[in-house]
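Have a look at the structure below, then the notes.
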Amino acid sequence: MKVADKVVVVTGAGGGIGEGLARRFAAEGAAKVVVSDLDPARSERVAAEIGGLAFACDVSDPARLAALVDFAEAEAGPVGLWCSNAGVGWADPVLGQVGSSPDEAWRRGWEINVMAHVRAARLLTPKMAARGGGWFLHTVSAAGLLSQIDGAVYATTKHAAIGFAESLAITHRDEGIRVSVLCPQGVDTEMLRGLEGGAQGVDGVLSPADVAQSVIEGLEAESFLILPHAQVRDYMANKAASYDRWLAGMAKLRRRINGG
């Protein structure tokens, strides 16, 4: 799948990975990039710089997400690539207490990291199927494949995002709809800088531009799994080969990170 001549929507595109994707998609010749962000000023800035369209959207609001789909299709044309990139990170507020995050953190994590993907698919799969196909790119995280040390909300909701992406890919494949999940480890974003603890930078922190390059390569290869940090594939294999050994290794890594 090539981005050239496609209408692309990127949520959470006012900074970080989303901004990196929006800029790269524009450079690749997308017909139009719709830059969506919770902050109107950020979306307008990026859109103005890449010749795109801006739309302020809180993806946890179903009505606003539907309005984003309507705006994109009315102002730019049929959406060929939808990038559910907006996400939230949340570290366990009490170190060593996996259930310490309040219910509101769980609710917000679920709404943004999972349900925004579900609702976008609900709105777009009928349209894409009628047109003969389309593509979804979900920014998930290696945490969805592995885990997030001292971040139960993040790890759990990202695992759920992987599960939904698999269902989406399986169910709608025969309608020409394809799905990719972007699963980096540490990326130089505000989210990473705001998270305390964890193993985000163990294998190096990439730039959003690095991640965007991996996305272009992954889309062109029509890969479901896009891994900017190649090591993640080995970690997945180790996890599958011996879950108990992998859990023990993660506990050891957690002790090292926390000075234990």
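Every number in this text was worked out from the coordinates using simple rules, so none of it is lab data. None of the values given here were measured: they were computed from a predicted structure. Methodologically, a virtual Cβ is constructed for each residue, glycine included, from the backbone with ideal geometry; neighbour enumeration extends over all protein chains shown.
The table for this structure:
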{"item": "Distant alpha-carbon pairs in region 213-260 (separation over 14 angstrom), percent", "result": "63 percent"}
{"item": "Per-selection metrics, region 50-189 (Cα): Rg and Dmax in Å", "result": "15.9, 50"}
{"item": "Normalised contact order of region 7-231, rounded percent, pairs of Cα under 8 Å and 6 or more residues apart", "result": "19 percent"}
{"item": "Full-stretch length increase - residue 220, residue 94 - with 0.36 nm per residue and alpha-carbon distance subtracted", "result": "41.1 nm"}
{"item": "Equivalent ellipsoid semi-axes - Cα gyration tensor, the chain, angstrom", "result": "30, 19, 17"}
{"item": "Cβ charges +1 (Lys, Arg) and -1 (Asp, Glu), total dipole of region 84-174, debye", "result": "480 debye"}
{"item": "Additional length obtainable on full extension of the chain from residue 167 to residue 257, 0.36 nm per residue less Cα span", "result": "28.9 nm"}
